[in-house]
Every structure is written in structure tokens, then in C-alpha cells.
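What follows is one structure encoded as C-alpha cells, with my remarks underneath.
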Amino acid sequence: MSYKIERILLSHEQIVNRSKEIGAQISKDYAGKRPLLIGMLNGAVPFFAELIKHIEGEIETAFIKASSYAGQTCSSSGSVVFTGDLNLQIAGRDIIVIEDIVDTGLTIKTVCAFIREKKPKSIAVATLLDKKSRRLVEVDIKYVGFDIPNVFVVGFGLDYDELFRNLPYVGVLDSSSI
Ligand code: IMP
């Protein structure tokens, strides 16, 4: 089966420009602080890499992965298992969680609950994409790259069946190829 991109929703240039704006906002909001940016594997990697280039001041970085329960548990919250940089000192820190997309909101809600258990000083979420119309739970997203309609998108970290993460843009996947 070969999959096709129906159209480009967000060009590489649009993503870079918006990342610059969010980076500048984070620089201002966290001036004089040393936030810990936690990227969500695997999808947020390209946005994370782009965003941090535009943040001025001291930051620290880490990555975690939230997967549906899969046998081997490192740390779990409900049916979600967390792996990655789990031995981080989170207590008392300003945390910014970096996501690729917030859809129903269930994943980011579980991630924030997991981090909140570790008593951070503050926690904020930055996402490249927000599909607000699909929300099932209320979540507070401080930095949104783009609000997008209810279409299945791939590229710039987002995948379909682990494909397309390497596209430099965000495209709509041809629904007839899914
Ligand atoms: P949630 O529904 O907010 O919990 O999002 C769950 C996950 O679904 C996201 O982290 C993405 O991995 C995936 N997802 C949701 N919408 C899309 C999409 O349009 N393209 C690719 N992945 C998506």
C-alpha cells in the first residue's frame, strides 16, 4: 500500500516562523528562569529541535515517551506507560512539555498528571498543532503553534503507521489511502 499526501497544510516556512514566535514568547515568559523542556517522543522531536533554537536564556532538555500499556512497566499512570528520562529532578522546576499534536487531550492530560505527581513549580504545555474540535477532556495549552481542523495530518514528526515523520511540512494524508 502506498500512501499519498493530499495537500500541504503548513509549509516548512510557516512552521519555522511560528516556532520563532513561540520561542520568543517562551524567552520572555521564562526570562531569568531555567525551564526544563520535556519533549514527547517520537512525534515532538522536529518541533522540539526547531523551537529550542529560538529560545534565549538557559534551558534544560529531556525526553519522555508515553505509550499505551505494553507489558514492561517503568512507570505507569492508568494504562499509559512512561519511558525515557524518568530520573529527572522535576520537583521545584518550571516544566514545559512539548507535544506535536493535542487531539482528544487524553494523552497530554495523562502526561501532565504524571509530571504533577513529581511536584514541579510550574507546568506549561506547548504543542505544534491543536485539533480543538476533537477535545474530550479539558486541558490548558499555553503555547499553540496552529489550530487545525479535524483532518489526519502527517509530517514534521507526525506519523501514519510510523511513516512521514521526516517530511519538512505538515500535510493532509489522502483519506482514500488510509
Ligand atoms: P490525544 O487524542 O490528544 O490523546 O492524542 C493522541 C495521539 O494521537 C497524538 O499524540 C498523536 O500521536 C496522535 N494523533 C492525533 N491526531 C493525529 C493526526 O492528525 N496525525 C497523526 N497523529 C495524530
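The values are calculated or read from the model by the stated rules, or taken from the named source; none is laboratory data. Predicted, not measured: the structure shown is a model, and the values here were computed from it. Don't worry about glycine lacking a Cβ; one is built from the backbone with ideal geometry, like all the others, and counts go over all protein chains shown. In case anyone asks, the SASA skips ligands and DNA or RNA and just uses the protein heavy atoms, side chains included. Shrake-Rupley method; radii C 1.70, N 1.55, O 1.52, S 1.80 Å.
Computed about its Cα centre, the charge dipole of the chain is approximately 440 debye, with only Lys, Arg, Asp and Glu carrying charge at their Cβ. Tally the DSSP beta bridges in the chain and give the antiparallel ones as a percent, rounded to 5. Counting only bridges with both partners in the chain, antiparallel ones make up about 40 percent. Only DSSP H runs of four or more residues enter the estimate; each adds -39500 (n - 2.57), and after division by the residues of the chain the mean residue ellipticity at 222 nm equals -6500 deg cm²/dmol. Paramagnetic label reach from Leu106 (point 7 Å along Cα→Cβ; backbone nitrogen cut-off under 15 Å): within segment 127-144, residues 134-139.
For the chain, the Kirkwood estimate of hydrodynamic radius, built from reciprocal distances between every pair of different alpha carbons, is 16.7 Å. Counting only lysines at least 8 places from Lys118 when in the same chain, those with an alpha carbon closer than 18 Å to its own are Lys65, Lys109. Which shape class, rounded, prolate or oblate, goes with segment 1-73 when its Cα gyration tensor gives a ≥ b ≥ c as root eigenvalues, a/c under 1.5 marks rounded, and past that a/b bigger than b/c marks prolate? Note, shape of segment 1-73 comes out oblate. Here the average projected area of the convex hull drawn through the C-alpha atoms of segment 104-178 stands at 6.0 nm². With the highest mean first, a sort of the peptides 114-127, 95-108 on other beta-carbon atoms found within 10 angstrom per residue produces 95-108, 114-127. So what's the net charge close to Asp29: Lys and Arg +1, Asp and Glu -1, counting the other residues with Cβ under 10 Å from its Cβ? Cβ neighbours under 10 Å give a net charge of +2. Taken per residue, the accessible surface of segment 7-126 reaches 50 Å², heavy atoms only and a 1.4 Å probe.
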